[in-house]
Amino acid sequence: MIRRYTGEPLPPNARVAVVANDAIGNFVVATPLLQMVHRELNPAVLHYYGGKRTLELQQASDLFDAHFPLHGSDLEEIIARVPHAYDLILNVESGAHAATFVGRIAGDALVAGPVIVDGERVPFPDDPRGDLWRDQEWIAADITKRYPFLDSGFIAEIYARACYLPGPVPRYLLPTEAPTIDCTFDVLIATTASLPEKLWPLDRWIDVLKRLRDAGRAVGLLGAPPKAQSTHWQGSDAESVMVAEGLVTDFRGSFSLPQVVGAISAARQVLTLDNGILHLAASTETPTVGLFRYGIHRLWCPQFGQIHPVVACEGGVVADIAANDVWEALGRGE
């Protein structure tokens, strides 16, 4: 039977595992949680179960003692690689693959977050944190009123509090490395996203890019290599048009993820959709304009760095945002 964690003391020299999604943004928003585990629980061992897409960040991070590629791996294969039993497992990924993995390895461990055993989801605790896990409206404007232990509706804080971790929520902490090629640009942009409702129309990208060109501001395009980009993200066709029209210098696939953080740190500004680049940028002090769907900004707009959100009208998607609104936000963030 799964033993639910509700904030009780752990045994000395506790062994803790954190399980998260493999998307770049999900890795980044897990870094405050990982820091809080160290600060509040002081484990002897802390392991991270993520995936192959964020491997470069995991390899360069000092927030855990070891990392394992849960996502993108066969379940039996990754279970066989679990090095020992844990005292506590914190799972902030609701997908069936991760939740089933947690159920399979839990043993006598205390567990916070989604768990599946024998194909059935294990109920959350009957307490306010369990109510938060069960809540399907994390983007609601009144979430801090309904859960007074939350200071904000930001996803990193929700994860931490749902895992019973107290105290201040630290900012993102990411490995950074200087790029091996010169990429000191006025503006770096990222134009792809995981969902179509996150995308901004090509004509508006071209509108803003032409204004930047006319203002003498050099623009670089960040992203994965084009083939990988089209596998995991949407909007790569629009990127090809921007490159073909000479509106951007193409840096897709040119950097490791720690080098992307370094490139962003050296830029004057970043303009991006609600994607992984936004969260990488929030770990720096570079002014960043981020485009958000209405309501989603309350959950996913980072509380760190210099993020200037441009939010669609109520009920709207990113495609509803006007080019002038983005241009004005870039001016305010200079």
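The table below lists the values:
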item: Enumeration of residues in segment 155-168 that are surrounded by fewer than 22 Cβ atoms within 10 Å (Cβ to Cβ) and outside any helix (DSSP H, G or I); result: 164, 165, 166, 167, 168
item: Candidate set from segment 21-45 (those that are in contact with a His (Cβ under 9 Å, 6 or more places away or on another chain) and closer than 17 Å to residue 113 by Cα); member that is surrounded by the most Cβ atoms within 10 Å (Cβ to Cβ); result: 27
item: Filter pass, residue 22 being at pLDDT below 95 and under 18 Å from the mean Cα position of the chain (by Cα); result: yes
item: Residue check, residue 151 under 24 Å from the mean Cα position of the chain (by Cα), more than 24 Å from residue 35 (Cβ to Cβ), assigned by TED's automatic domain parsing to the domain that holds residue 36 and at pLDDT 95 or above; result: no
item: Test: residue in segment 136-145 that is part of a helix (DSSP H, G or I) and not hydroxyl-bearing (Ser, Thr, Tyr); result: yes
item: Output for segment 104-121, where each listed residue is crowded, with 18+ Cβ neighbours inside 10 Å and either without any contact (Cβ under 8 Å) to a residue 40 or more places away in the chain or over 24 Å from the mean Cα position of the chain (by Cα) (or both); result: 105, 106, 109, 110, 114, 116
item: Enumerated helices (runs of 4 or more DSSP H) restricted to segment 258-334, each holding at least 1 residues that are over 22 Å from residue 217 (Cα atoms); result: 276-282, 296-300
item: Among the candidates 39, 53, 104, residue that is basic (Lys, Arg) and closer than 26 Å to residue 178 by Cα; result: 53
item: Residue within segment 202-223 that is under 23 Å from residue 296 (Cα atoms), surrounded by 16 or more Cβ atoms within 10 Å (Cβ to Cβ), touching a residue at least 60 places away in the same chain (Cβ under 8 Å) and in the same structural domain as residue 238 (by TED's automatic domain parsing) present; result: yes
item: So residue 208, is it out of contact with any strand residue (DSSP E or B) (no Cβ under 8 Å at 6 or more places or on another chain) and part of a helix (DSSP H, G or I); result: no
item: Contacts under 7 angstrom Cβ, first residue in segment 19-42 being within 24 Å of residue 193 (Cα to Cα), partner part of a helix (DSSP H, G or I) and polar (S, T, N, Q), 6 or more apart; result: 20/26
item: Residue 286 being touching a residue at least 12 places away in the same chain (Cβ under 8 Å), touching a Ser or Thr at 6+ places or on another chain (Cβ under 9 Å) and either surrounded by fewer than 16 Cβ atoms within 10 Å (Cβ to Cβ) or not aromatic (Phe, Trp, Tyr) (or both); result: yes
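The values are calculated or read from the model by the stated rules, or taken from the named source; none is laboratory data. Quick caveat: nothing in here was measured; it's all calculated off a predicted structure. Glycine also receives a Cβ, built like all others from the backbone with ideal geometry; neighbour counts cover every protein chain displayed.
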